[in-house]
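Working notes, beginning with the structure itself.
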Amino acid sequence: MSATVARFPAYPYLQLGFYQLGWWLCVLGAAHGQPLFGPVVLAGCLLIHLACIHGVGREAVLMLVATVLGVIGDSLCSCAGAVAFGGGPHPGPWPPLWMIVLWPAFAASLRLSLSFLQHRLRLAALLGALGGPLAYFAGWRLGALHGPHGLGPFLGGVACEWAIAMPLLAWQTRCLSESSPLRLMPHAA
């Protein structure tokens, strides 16, 4: 891992757990008419993450890049009719808040548990093309989103989105990590 672990060696795994918890709460909340519950909890997890690392500014940049990239990708999938988001009203083709907040949460794992992708962009594209559709399909099965034109366009659109987004995010992470490696905050003596 690219992180220099000081105070809490298991933090990369805890951060991955935060992401998984947030994903489940966002998706289940959207599916059950509580679309704000997950984003509130996930925002708290992101604040904990930012409090536990050095280089908060660079991490915030990565989170912002991931959010913009995710909103654009999800909006394009929505406009193309590949994906329709549940969880209450949201403006036009834009994804709802519960979906938007998943992108910076995912970005938080890129310098820790997914740091191995920074120098393996083809692998990042492959994992994105496979993992993105799996996660969105799980969201479909749980009732948080669906494919208005069927499963094929849904999976194809999401696979394209993630096959592009994942290597771009891995590359951005590498650029930020090379200029400022991520370190966890040391404990006070």
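The values are calculated or read from the model by the stated rules, or taken from the named source; none is laboratory data. These numbers were taken from a predicted model, which means no experiment stands behind them. All Cβ positions, even for glycine, are placed from backbone atoms using ideal geometry, and neighbour counts span all protein chains on display. All accessible areas refer to the heavy atoms of the entire protein, side chains included, with ligands and DNA or RNA removed. Shrake-Rupley method; radii C 1.70, N 1.55, O 1.52, S 1.80 Å.
Summary of values
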item	result
Of all residues making up the range 134-145, the number that are more than 16 Å from the chain's Cα centre (by Cα) and either surrounded by fewer than 17 Cβ atoms within 10 Å (Cβ to Cβ) or farther than 23 Å from Val68 by Cα (or both)	3
Members of the range 9-22 found to be open to solvent by 30 Å² or more (accessible area, probe 1.4 Å) and either within 17 Å of His146 (Cα to Cα) or more than 17 Å from the chain's Cα centre (by Cα) (or both), listed by number	Pro9, Ala10
Count of residues meeting criterion [at pLDDT below 95, open to solvent by 60 Å² or more (accessible area, probe 1.4 Å) and under 10 Å from Val101 (Cβ atoms)] in the range 37-54	0
Residue in the range 142-150 that is within 24 Å of Gly86 (Cβ to Cβ), in a helix (DSSP H, G or I) and modelled with pLDDT of 95 or more present	yes
Members of the range 81-94 found to be more than 17 Å from Trp140 (Cα to Cα) and in contact with a helix residue (DSSP H, G or I) (Cβ under 9 Å, 6 or more places away or on another chain), listed by number	His90, Gly92, Pro93, Trp94
Condition check for Trp98: touching a Phe, Trp or Tyr at 6+ places or on another chain (Cβ under 9 Å) and either aromatic (Phe, Trp, Tyr) or open to solvent by less than 40 Å² (accessible area, probe 1.4 Å) (or both)	yes
Members of the range 108-132 found to be open to solvent by less than 10 Å² (accessible area, probe 1.4 Å) and either of a type in the set (Val, Ile, Thr) or at pLDDT 95 or above (or both), listed by number	Ala124, Gly128, Gly132
Long-range neighbours under 7 Å by Cβ, at least six apart or interchain, first residue touching a residue at least 24 places away in the same chain (Cβ under 8 Å) and within 8 Å of Pro133 (Cβ to Cβ) within the range 152-166, second surrounded by fewer than 24 Cβ atoms within 10 Å (Cβ to Cβ) and aliphatic (A, V, I, L, M)	Ala159/Ala129; Trp162/Ala129
Residue that is touching a strand residue (DSSP E or B) at 6+ places or on another chain (Cβ under 9 Å) and in contact (Cβ under 8 Å) with a residue 12 or more places away in the chain, where the choices are Ala84, Ala105	Ala84
Some residue of the range 86-98 being assigned to a helix (DSSP H, G or I) and under 15 Å from the mean Cα position of the chain (by Cα)	yes
Some residue of the range 55-65 being touching a strand residue (DSSP E or B) at 6+ places or on another chain (Cβ under 9 Å), open to solvent by less than 40 Å² (accessible area, probe 1.4 Å) and not charged (D, E, K, R)	yes
